[in-house]
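**Q** I'd like to ask you about the structure that follows.
The values are calculated or read from the model by the stated rules, or taken from the named source; none is laboratory data. Fair warning: this is a prediction, and the values are worked out from it, not measured in the lab. Counting neighbours? That spans all protein chains shown, and the Cβs are built from the backbone with ideal geometry, glycine included.
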Amino acid sequence: MHMFDTIMAILTISAAAIIIPRMMIDWQRCREFIREDDEESLRQFVAEQKRWIARHGISAMGAIGVVAIITCTAGMASFEKLAGVTTAYGMMTLTFAFIESLMAFRAENRLQARTVSAREVREFGN
């Protein structure tokens, strides 16, 4: 492996080792906010998740850009392994963005259901 391949592999593994536990903690927080019916915390949680989705998307776009440069530029054939590791990183970050979007969707869905129920109760009383 070249030095860049090794650095990218370490970056990929490190990112996964940091982000996966954070996502598990976020999932537990989301469940707790839903169970407690804490609207303000859910709104904050959704905003945080949207920021994480954007971060993951930007990382994936950067990875795609690096792979495109390596594969389309003449003389970069010796960096094929780097392109492979970077592709794995890009796929991983897209997967993280998808999982974060599922959590945000669940929290937003709960917020909307709560808003609709409150509106129905007010309309029923009139």
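**Q** Residue under question is THR95, and the condition is that it be under 20 Å from the mean Cα position of the chain (by Cα) and among the hydroxyl-bearing types (Ser, Thr, Tyr); does it hold?
**A** yes
**Q** Follow-up question, since we're still on this one. Does ALA47 meet the test of being touching a helix residue (DSSP H, G or I) at 6+ places or on another chain (Cβ under 7 Å) and either under 17 Å from ALA9 (Cα atoms) or exposed (fewer than 14 other Cβ atoms within 10 Å of the Cβ) (or both)?
**A** When the stated conditions are applied, ALA47 does not pass them.
**Q** If you check ARG119 against the conditions, is it charged (D, E, K, R), loosely packed, with under 11 Cβ neighbours inside 10 Å and modelled with pLDDT under 95?
**A** yes
**Q** Out of the stretch 1-30, which residues are over 19 Å from PHE96 (Cβ atoms) and either free of Cβ contacts under 8 Å to residues at least 24 places away in the same chain or part of a helix (DSSP H, G or I) (or both)?
**A** Across the stretch 1-30, the qualifying residues are MET3, PHE4, ASP5, THR6, ILE7.
**Q** Which of the residues spanning the stretch 31-42 are part of a helix (DSSP H, G or I) and either within 19 Å of the chain's Cα centre (by Cα) or free of Cβ contacts under 8 Å to residues at least 60 places away in the same chain (or both)?
**A** Once the filter is applied, which keeps residues that are part of a helix (DSSP H, G or I) and either within 19 Å of the chain's Cα centre (by Cα) or free of Cβ contacts under 8 Å to residues at least 60 places away in the same chain (or both), the stretch 31-42 yields ARG31, GLU32, ARG35, GLU36, GLU40, SER41, LEU42.
A quick yes/no check of all residues on (1) exposed (fewer than 12 other Cβ atoms within 10 Å of the Cβ); (2) modelled with pLDDT under 90:
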| position | (1), (2) |
| --- | --- |
| ASP37 | yes, yes |
| ARG55 | no, no |
| SER59 | no, no |
| ILE64 | no, no |
| THR73 | yes, no |
| MET92 | no, no |
| PHE96 | no, no |
| ILE99 | no, no |
| ARG106 | no, no |
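**Q** Another question about this same structure. Please determine, by comparing only the residues of the stretch 7-30 that are of a type outside the set (A, V, I, L, M, F, W, C) and touching a helix residue (DSSP H, G or I) at 6+ places or on another chain (Cβ under 9 Å), which one is nearest to GLN49 (Cα to Cα).
**A** My answer is ASP26.
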